[in-house]
Amino acid sequence: MQRGRSNPPLFWSVVVVIVVADVITKGLAVYSLFPQRMPHELVGPAVRLTLVYNPGAAFGLHLGSYSRWIFMALTAGALVILGRLYRSTRDGDLLRTLAIALVCGGALGNLIDRIRSAAGVVDFIDVGIGDMRWPTFNVADMAVSIGAFLLAWVLWGDERADQPERPDGGEPAEVAPIPASPVSPVSREI
């Protein structure tokens, strides 16, 4: 099983498209959606555009005054891990390449916001019904979520493919552990 960089044109084009789309849409949101936290209906009350600055992470997770720096460091670490995962991807494994590119593009988009401003990541997509609203998000968040789901699915499939097959061609059998004998070796001799 040869490992190598799988489809660099796909990887880099997805990363660039996500980052550019994220930067442009966030710029438009900052320019046109004011004041902050004022909803602008897009598709009735179900889909609104609402400018919010998130100094924390997903779902408003905030770790105090150092959140910005902590999440920047965590993002950098995640990008290193994703880079290693990408380098170990088999040639031709397009789904895994796409998944990693989506997560990397989204992570870079939000990292750019954290570097640019202490106010936090620009979020502006607001969906829900009445008072039951999903936390406001952005293009980068969508890319990370879709990419993470795809990556988990691909890695789960890889793990299942690496399990040995049964001789009859069926699913690999679960091997039950051998229970410890309640009788000690010394007492067996008696």
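Rule-based calculations on the coordinates, nothing more; no lab input. What you are looking at is a predicted structure, and each value in this text was computed from that prediction instead of being measured. Quick reminder, even Gly has a Cβ in these numbers, built from the backbone with ideal geometry, and neighbours come from all protein chains shown.
The table below gives the values:
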item: Burial ranking of peptide ranges 148-157, 88-97 (average Cβ count within 10 Å, highest at the top); result: 88-97, 148-157
item: Derived scalar couplings ³J(HN,Hα) [the range 92-97; Karplus, 6.51 cos²θ - 1.76 cosθ + 1.60; whole Hz; x for Gly, Pro]; result: x, 7, 5, 5, 5, 4
item: Estimated distance in nm for a label pair at Trp153 and Val43, the labels positioned 7 Å out from Cα along Cα-to-Cβ; result: 2.0 nm
item: From phi via Karplus (6.51, -1.76, 1.60), per-residue ³J(HN,Hα) for the range 67-78 in Hz, x at Gly/Pro; result: 3, 4, 6, 5, 6, 5, 5, 4, 5, 4, x, 5
item: Distance between modelled label sites at Val16 and Ser65, nm, 7 Å Cα→Cβ extension; result: 4.2 nm
item: Table column - 3J(HN,Hα) (Hz), the range 20-31, Karplus curve with 6.51, -1.76, 1.60, x for Gly and Pro; result: 5, 4, 5, 4, 5, 5, 5, x, 4, 5, 5, 6
item: Built amide H within the under 5 Å cut-off of Leu42, gap 5+; result: Val47, Arg48, Leu49
item: Amide proton proximity set for Thr89, modelled H, under 5 Å, gap of 5+; result: Gly4, Ser6
item: Protection proxy ranking, peptides 42-48, 139-145, 70-76, average beta carbon neighbours within 10 Å, highest first; result: 139-145, 70-76, 42-48
item: Placed amide H near Ala57: partners under 5 Å, 5+ positions off or other chain; result: His62
